Amino acid sequence: MGGASLERHGAIGVITIDNPPVNAMSVGVPGAILSRLEEAGADDAIEAIVLRGGGRGALAGADIAMFGKPWPEDEPTLRHVIPAIERSTKPVIAALAGYCLGGGLEMALSCHYRVASRETGVGQPEVLLGFPPGAGGTQRLPRIANVSTALAMIVDGTRVPAEKAAEHGILDRVIEGDLLQGAVAFAEERAAGGPPHPLARDRTPVLDDPGIFEATRERLARRARGQRAPLACLECVEMALSLPFDEGIRREREVFEACMASAESKALRHVFFAERQARRVPGIGKETPARPVERAAIVGAGTMGTGIATCFANAGIPVRLTDSDGGALERALAAIRSGYESRVARGRIGTADAEARMALIEPVETMEGVAGADLVIEAVFEEMPLKEEVFRTLDAACDEGAIIASNTSYLDVNHLADTVPRRRDAGCVLGMHFFSPAQVMRLLEVVRTDSASPETLATVLALAQRLGKLAVVAGVCHGFIGNRMLEGYTRQVRFLLEEGASPVDVDAAMTGFGMAMGPCAVADLAGLDVSWRKRKADAHLRDPSKRYSAVADRLCERGRFGQKTGAGYYRYEPGSRTPIPDPEVDALIAEVAAESGIARRSIGADEIVERLLYPLVNEGARLLDEGIALRASDVDLVWINGYGFPRWRGGVMHWADGVGLAAIHETVARLDESEDYWEPAPLLNRLAADGKGFADLDRAARGG
Ligand code: 3H9
């Protein structure tokens, strides 16, 4: 159980919160802080109090794991600590290091002063967990920083670096050098200055931009569709201006509690822990050595290779890029440069930074040029013979011990490993499946081959973190986690179109559900030709007795490859990415349906959502049973971070638990009676029969 200690530094009492690793306000911690505050208050030799986090100094706020669980009666909470600080007749100075977030910042805002070391970031990230700050943050922050700064921090949950926080008045001083020494010196100064010592509650909020609430409301209507928390945050900050302080605090608490109990918050908290859980991989522990990756190389300078090279440069890792087509290499470098130029123009990075990143990317003409790299990723066309050839050449060219990874999105990486037996036996081959655009998308599926050594896996997982990626480990199968599930989703899109839904109906139903984009618009963006080529190549594998929709093939036959040809499921004006419904497509779909003898009907949004998402749930269950996905929450992360599934719904498996697996099973089993592809997964059968959910499965696997 965490606690807090009191030390005396001359006339300054230093309270250090001790609850590793991030000093969350778990049960026992607020009580310990209260006791130390009382002790310091009663000690006549103490003139001022410094309050800080132990270890690396973080104050991560409330204990997220406790939300939704009963808090022991008689145990004080953060909401007891804050008034005690405000009542203190001795000035209390928060000394911040690392992160000061959520309830941590709320506690600091209740102190008379705040100092921090330069690398500190402060923020109110509660909105990312589905609720507004609940310990006064929405009332105190706008009284300390101006209203528009406070509003942006609370509504978006962004962290502000110390220097900026000081500019906004959130910090009274940024300390260079030793934080404790600096904080004690600051406390001595303020104690010597004597009272009164300022409190946020006594200040009046400064409305620096009268239009800020309306502008933010409009922004949220577009950006936070379907979510409650961002708007709740806005409403609470508005109350800081319209209500007396104590009334604002009371109302904030009510809103906080209502949001906390919502499905949205439950989902977002699930994702928070899912992201941390994903790092736990069987056979890989803290003791597993990860090799340093000081130099990387990418083979294939197409869209994916270009994006992946950019990821490395962004992370400060020197990377060589090669392609058998010199023209492609030149185009890749031009695209990377232009990407950086546009980021400079938008003020995202400085010119020197862009140049430094560009300088990290070295084009090399032949694959032999990748020698010396610690890790090479092939990102050539999705054709097995080509990849085999590349693997063999790389095996000969690379240093012993170098890792060779394939960026394949479907192919058998175990088979690829077999083409380079020496390296396979050394455990140095796996898959690294990036998502397009690779420099933007957060997901990285790490495909664990049968032969990959723990060291190789640990190396790639550590590398993923350096690249700013969320790594999810998947086993080898056709399409791994994400793309294997995608197949059923896109198949149902085509079936629904034949049965009477229009592309607009399908897309509107899915964006209405919360998907970042509708599947038809996504297909147009990604290009329909790639999957068309694949379907043609795999035609001989198709079961002729099963239903097949030719809708997408027909579009491609008419040269409608999506945005790049100005037409796909929609049409596009030159230079525009706005999808425009196209009667030609409606006619084409009706024609295909008529050929297959399908009677068309009107299809509602609920049915569209079920027909697209239930196949995901069913396939997700198969992936779990087969051990391709380690846990249901990993499947959630894949769909949130790779396919635009709404984070605030917690991912597809979490969402399915909310619907109820028995209900989903019933629908899947009913559809199975009349349509192909709906056979319920054995795991779905079992869980539905037992009245359990995927979360129960994950919990059992964690041993809890
Ligand atoms: C709040 O404060 C509500 C108030 O407004 C109202 C109250 C009345 N609780 O991320 P890491 C765990 S809401 C419980 O890997 P990093 C985390 O699960 C809270 N556990 O490290 C992990 O455990 P494990 C508002 C927490 O260095 C371990 O600590 N605050 C909490 O990459 C290490 O975490 C937030 O939203 C927590 N609050 O990043 C901050 N925080 O090792 C949430 C962390 O078992 N936290 N853990 O997997 C973060 O953003 C990051 O953890 C932080 C450190 C930036 C602090």
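Within the option set 702, 686, being closer than 30 Å to residue 283 by Cα and exposed (fewer than 15 other Cβ atoms within 10 Å of the Cβ) holds for one residue only, 702.
Quick check on residue 215: is it within 30 Å of residue 513 (Cα to Cα), away from the ligand (no atom under 14 Å from the Cβ) and not assigned by TED's automatic domain parsing to the domain that holds residue 80? Spelling it out, it is not the case that residue 215 is within 30 Å of residue 513 (Cα to Cα), away from the ligand (no atom under 14 Å from the Cβ) and not assigned by TED's automatic domain parsing to the domain that holds residue 80. When the stretch 25-60 is limited to residues that are farther than 29 Å from residue 127 by Cα and touching a helix residue (DSSP H, G or I) at 6+ places or on another chain (Cβ under 6 Å), the one that is farthest from the ligand (Cβ to nearest atom) turns out to be 47.
In summary, residue 286 fulfils each of the numbered conditions (1) crowded, with 16+ Cβ neighbours inside 10 Å; (2) over 22 Å from the mean Cα position of the chain (by Cα); (3) within 16 Å of the ligand (Cβ to nearest atom); (4) of a type outside the set (A, V, I, L, M, F, W, C) with the single exception of condition (1).
For every residue, the table says whether it meets (1) surrounded by 17 or more Cβ atoms within 10 Å (Cβ to Cβ); (2) outside the structural domain of residue 376 (by TED's automatic domain parsing); (3) free of Cβ contacts under 8 Å to residues at least 12 places away in the same chain; (4) within 19 Å of the chain's Cα centre (by Cα).
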{"residue": "455", "(1), (2), (3), (4)": "yes, no, no, no"}
{"residue": "460", "(1), (2), (3), (4)": "yes, no, no, yes"}
{"residue": "464", "(1), (2), (3), (4)": "yes, no, no, yes"}
{"residue": "469", "(1), (2), (3), (4)": "yes, no, no, yes"}
{"residue": "494", "(1), (2), (3), (4)": "yes, yes, no, no"}
{"residue": "498", "(1), (2), (3), (4)": "yes, yes, no, no"}
{"residue": "501", "(1), (2), (3), (4)": "yes, yes, no, no"}
{"residue": "515", "(1), (2), (3), (4)": "yes, yes, no, yes"}
{"residue": "518", "(1), (2), (3), (4)": "yes, yes, no, no"}
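Residues that are more than 8 Å from the ligand (Cβ to nearest atom) and in contact with a strand residue (DSSP E or B) (Cβ under 6 Å, 6 or more places away or on another chain) within the stretch 61-104 comprise 85, 90, 91, 92, 93, 94, 95, 96, 97, 100, listed in sequence order.
Any chance the stretch 587-602 includes a residue that's modelled with pLDDT of 95 or more, outside any loop (DSSP other than H, G, I, E, B) and basic (Lys, Arg)? Among the residues of the stretch 587-602, not one is modelled with pLDDT of 95 or more, outside any loop (DSSP other than H, G, I, E, B) and basic (Lys, Arg), which makes the answer no. Note on the stretch 351-373: among residues that are of a type in the set (Val, Ile, Thr) and over 29 Å from the mean Cα position of the chain (by Cα), the one that is surrounded by the fewest Cβ atoms within 10 Å (Cβ to Cβ) is 366. Do you know which residues across the stretch 689-699 are assigned to a helix (DSSP H, G or I) and either of a type in the set (Val, Ile, Thr) or surrounded by fewer than 16 Cβ atoms within 10 Å (Cβ to Cβ) (or both)? Across the stretch 689-699, the qualifying residues are 689, 690, 696, 699. Tell me, yes or no, whether the stretch 658-681 has at least one residue that is in a loop (DSSP other than H, G, I, E, B) and of a type in the set (Phe, Trp, Tyr). Checked the stretch 658-681: at least one residue is in a loop (DSSP other than H, G, I, E, B) and of a type in the set (Phe, Trp, Tyr).
Based on this model, can you work out whether residue 650 counts as among the small types (Gly, Ala, Ser), surrounded by 16 or more Cβ atoms within 10 Å (Cβ to Cβ), within 12 Å of the chain's Cα centre (by Cα) and farther than 17 Å from residue 269 by Cβ? Considered against the rule, which asks whether it is among the small types (Gly, Ala, Ser), surrounded by 16 or more Cβ atoms within 10 Å (Cβ to Cβ), within 12 Å of the chain's Cα centre (by Cα) and farther than 17 Å from residue 269 by Cβ, residue 650 comes out as no.
Here the stretch 560-612 is the region considered, the condition is being of a type in the set (D, E, K, R) and closer than 18 Å to residue 490 by Cβ, and the residue that is surrounded by the fewest Cβ atoms within 10 Å (Cβ to Cβ) is 607. Within the stretch 414-437, residues that are farther than 13 Å from residue 403 by Cα sit with their Cβ atoms under 7 Å from residues that are buried (at least 17 other Cβ atoms within 10 Å of the Cβ) and of a type in the set (Asp, Glu), at 6+ positions apart or across chains, in these pairs: 433/445.
Residue count for the stretch 112-141, restricted to those that are more than 12 Å from the ligand (Cβ to nearest atom) and surrounded by fewer than 24 Cβ atoms within 10 Å (Cβ to Cβ): 5. The residues in the stretch 84-104 that are under 30 Å from residue 193 (Cα atoms) and either under 35 Å from the mean Cα position of the chain (by Cα) or among the acidic types (Asp, Glu) (or both) can be counted, and the count is 12.
Rundown of residues vs (1) hydroxyl-bearing (Ser, Thr, Tyr); (2) under 14 Å from residue 439 (Cα atoms), yes/no style:
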| site | (1), (2) |
| --- | --- |
| 300 | no, no |
| 304 | no, yes |
| 311 | no, yes |
| 315 | no, yes |
| 328 | no, no |
| 338 | yes, yes |
| 351 | yes, no |
| 365 | no, no |
| 372 | no, no |
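The values are calculated or read from the model by the stated rules, or taken from the named source; none is laboratory data. None of the values given here were measured: they were computed from a predicted structure. Note that each Cβ is placed from the backbone with ideal geometry, even for glycine, and that neighbours are counted across all protein chains shown.
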